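*Asks:* First the structure, then my questions, so here it is.
The values are calculated or read from the model by the stated rules, or taken from the named source; none is laboratory data. Just so it is clear, the model here is predicted, and its values are computed rather than measured. A quick note on method: Cβ atoms are made from the backbone with ideal geometry, for glycine too, and the neighbour counts reach across all protein chains shown.
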Amino acid sequence: MYQFWIHTEVIPKLPRWFEFVFVTPSHHRVHHGKNSLYIDKNFGTTFILWDRLLGTFQEETERPVYGLTKPITSKNVVYLNFHEWQAIVRDNADKVYKSSWHFVWSAVDFFRIEIHSKCLNSFLCILFSLSTIVQ
């Protein structure tokens, strides 16, 4: 029910205390705006506090222009519902691949640090140190 009343332009800004805590029509208009100032802002659905805490809050300062930044020509319902997921995967596939490999190799580096701290002055430590230098 809460989502119903925030999709309107009829309701103006509400009292400051309310706008500080809850998502209002003003906040939600920003969420739907394609103005460069409003892109990726105001994701909250009930509480705007999350956006304030996470740095995604934007006050409504100019009239929003509604719509998508890239027009869609398809009328396929499945495509309309999932095209953005496809775009997210396409845009981030390379980043995810690189970061997952970075995670794996940083875990290996952490493992090396652990071994070094546990085997100081031992024969195994010397061998392990030599093997890391060779790599």
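*Asks:* Just a yes or no: is a residue in segment 20-34 among the charged types (D, E, K, R), in contact (Cβ under 8 Å) with a residue 24 or more places away in the chain and within 23 Å of LEU68 (Cα to Cα)?
*Replies:* Yes.
*Asks:* Follow-up question, since we're still on this one. Filter segment 19-41 for residues that are within 20 Å of PHE4 (Cα to Cα) and polar (S, T, N, Q); which is surrounded by the fewest Cβ atoms within 10 Å (Cβ to Cβ)?
*Replies:* Checked segment 19-41; the qualifying residue surrounded by the fewest Cβ atoms within 10 Å (Cβ to Cβ) is SER26.
*Asks:* If you don't mind, another one. Has segment 101-122 got at least one residue that is exposed (fewer than 10 other Cβ atoms within 10 Å of the Cβ), modelled with pLDDT under 70 and of a type in the set (Ser, Thr, Tyr)?
*Replies:* yes
*Asks:* Ok, one more. Among what's in segment 69-80 and is surrounded by 10 or more Cβ atoms within 10 Å (Cβ to Cβ) and within 23 Å of ASP40 (Cβ to Cβ), pick the residue that is modelled with the lowest pLDDT.
*Replies:* This residue is ILE72.
*Asks:* Go through (1) over 15 Å from PHE22 (Cα atoms); (2) surrounded by 12 or more Cβ atoms within 10 Å (Cβ to Cβ); (3) under 16 Å from the mean Cα position of the chain (by Cα) for GLY44 and report which single condition fails.
*Replies:* Against the list (1) over 15 Å from PHE22 (Cα atoms); (2) surrounded by 12 or more Cβ atoms within 10 Å (Cβ to Cβ); (3) under 16 Å from the mean Cα position of the chain (by Cα), GLY44 comes up short only on (1).
*Asks:* When segment 1-18 is examined, which residues are found to be surrounded by 10 or more Cβ atoms within 10 Å (Cβ to Cβ) and closer than 16 Å to PHE43 by Cβ?
*Replies:* Hits for segment 1-18 are GLN3, ILE6, HIS7.
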